[in-house]
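The values are calculated or read from the model by the stated rules, or taken from the named source; none is laboratory data. Note that the coordinates shown come from a computational prediction; the quantities given were computed from them, not determined experimentally. In this analysis, Cβ positions are derived from the backbone assuming ideal geometry, glycine residues included, and neighbour counts consider all displayed protein chains.
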Amino acid sequence: MRFGPQWQPGMSQLTPEQRAAIIPPVKQFSDIGFLEYAYQAQSQGTSPAGLKYLLAHSIINARTNKILSRVHLEKKANVGRWNNRVTVTMDTDQGKAAFGTANALGVGWLLLQHRALLGKKTVSKIDIFASGTGPGSGWGFEDYVDMLIYIVDVPPTAPPTPTGL
């Protein structure tokens, strides 16, 4: 779960004007995550366009966990550690459901909003697995669930062929 500044203790007692003076206009994961990633890429001397993966780690969002549990049931797979992960692609209903969760959808916004620096990218697949790091997600074991989101370049489209020749 991502908690932005507007959800911090005491913020609800402030007027909208007071909150606006404290909370920066950049407050969504897609912006904050990108700024951190771009900073790290620059400090390593690499281009932000090399983004290939994002990890949603230790997911505690109940709706996301319910959707991911359903994905596992539909795939007839048991959730497991990395070696027993479930992979869903974006051309399947399970992939679209996993990508549409609160813990993954921000990746789509990140790719869309920052296309100028990242290039045209899309999500190709998501690996769902248990990290073994938490008190349990209700899946019958004492683990959090993670999603590794794979990012690829959008292939260039062929120019349209003239018709009627």
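So Leu111 clears everything in (1) surrounded by fewer than 18 Cβ atoms within 10 Å (Cβ to Cβ); (2) closer than 22 Å to Val154 by Cβ; (3) in contact (Cβ under 8 Å) with a residue 24 or more places away in the chain except one condition, right? Which one?
The number of the failed condition is (1).
Restricted to the stretch 74-106, and to residues that are in contact with a helix residue (DSSP H, G or I) (Cβ under 9 Å, 6 or more places away or on another chain) and of a type in the set (Gly, Ala, Ser), which residue is surrounded by the fewest Cβ atoms within 10 Å (Cβ to Cβ)?
Gly100
Here's a check for you: in the stretch 78-101, which residue that is among the aliphatic types (A, V, I, L, M) and without any contact (Cβ under 8 Å) to a residue 60 or more places away in the chain is nearest to Ile59 (Cα to Cα)? Write out each step before concluding.
Step one: filter the stretch 78-101 for residues among the aliphatic types (A, V, I, L, M), giving 79, 86, 88, 90, 97-98.
From what is left, the residues that are without any contact (Cβ under 8 Å) to a residue 60 or more places away in the chain are 86, 88, 90, 97-98.
Working: Val86: 16, Val88: 17, Met90: 20, Ala97: 15, Ala98: 12 Å.
Filtering the stretch 78-101 for residues that are among the aliphatic types (A, V, I, L, M) and without any contact (Cβ under 8 Å) to a residue 60 or more places away in the chain, the one nearest to Ile59 (Cα to Cα) comes out as Ala98.
Looking only at the stretch 62-73, count every residue that is surrounded by 14 or more Cβ atoms within 10 Å (Cβ to Cβ), at pLDDT 90 or above and not hydrophobic (A, V, I, L, M, F, W, C) and tell me the total.
1
Which one is surrounded by the fewest Cβ atoms within 10 Å (Cβ to Cβ) among residues in the stretch 31-61 that are among the charged types (D, E, K, R) and more than 17 Å from Leu148 (Cβ to Cβ)? It would help to see each step written out before you state the result.
If we filter the stretch 31-61 for residues that are among the charged types (D, E, K, R), which is where we start, we get 31, 36, 52.
Narrowing further to those that are more than 17 Å from Leu148 (Cβ to Cβ): 31, 36.
Working: Asp31: 17, Glu36: 10.
Of everything passing the filter in the stretch 31-61, Glu36 is surrounded by the fewest Cβ atoms within 10 Å (Cβ to Cβ).
Please determine, by comparing only the residues of the stretch 26-66 that are part of a loop (DSSP other than H, G, I, E, B) and charged (D, E, K, R), which one is nearest to Ala102 (Cα to Cα).
In the first step, residues of the stretch 26-66 are kept if they are part of a loop (DSSP other than H, G, I, E, B); the result is 26-28, 44-47, 51-52, 60-61.
The next check asks that each one be charged (D, E, K, R); those that pass are 27, 52.
Details: Lys27: 15, Lys52: 20 Å.
So, considering only residues that are part of a loop (DSSP other than H, G, I, E, B) and charged (D, E, K, R), the one nearest to Ala102 (Cα to Cα) is Lys27.
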